[in-house]
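Structure record follows, encoded as structure tokens.
Rule-based calculations on the coordinates, nothing more; no lab input. Here the structure is a predicted model, which means the values were calculated and not measured. Don't worry about glycine lacking a Cβ; one is built from the backbone with ideal geometry, like all the others, and counts go over all protein chains shown.
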Amino acid sequence: MKNKLKRKGNRTRKLTLNGKAKTQARIAASKARKDQQNLQDSEINWRSVFNSAPNFIHEDDYKPMHCVICGTLMLSIHDTANPDPIAEKCYAKEALENNNPNRCCKDCDENVVIPARLSAFVGKEVTADEVKRSAREGTLSLDELMKSPNWDDKKVLATSGGVK
């Protein structure tokens with residue numbers, strides 16, 4: 001039996017898991033291991049999808065480049081993003097085929113590019129913290145974006161591939 005320590009005031013006492021609690025702990029640990037394996041499996045599946053798609057480049061064909069915004073070396077295609085509107089729009093395949101260095105790292109995408117894109121849509125400055133909070137809380141909706149003063153259906157459909 002495993003022992004757990006429980007602090008109560010200045011005293012510490014040992015708690016032991018009874019049969020039912022021990023079984024529940026084992027089940028939870030097993031579920032966590034399965035969830036981790038499923039996550040790893042899904043990453044492998046997504047990579048194979050990306051690598052076989054005709055409009056993407058294979059990760060083995062990627063040539064490391066520096067982030068156009070901060071200069072960080074991006075070692076994997078999965079570390080890069082389109083920097084538009086901060087820098088020239090550049091998809092990964094274009095970067096490879098045309099030797100176009102205008103890609104940004106994931107940190108700049110999350111903290112600079114996405115807030116700039118949202119700021120353009122809602123007509124006011126949006127910070128990275130607001131984007132993260134909205135994503136976490138699910139508070140930024142398509143309806144909210146559509147009510148913004150700078151909403152342009154044609155531009156959004158053209159840049160996002162369509163609204164679902």
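In nm², what is the average projected area of the convex hull enclosing the Cα atoms of the range 41-126?
Mean projected area for the range 41-126: 6.2 nm², to one decimal.
Sequence-distant or interchain residues sharing an amide H contact under 5 Å with M74, placed H: which?
Those lying under 5 Å, H to H, from M74 are M65, H66, C67.
Here are some pairs, K93/K124; K63/K89; K63/K124; K63/K132; which of them have Cα atoms lying more than 27 Å apart in this structure?
Over 27 Å apart, Cα to Cα: K93/K124; K63/K124; K63/K132.
Grab the other residues whose beta carbon is less than 14 angstrom from that of N82, score K and R as +1, D and E as -1, and report the net.
-1
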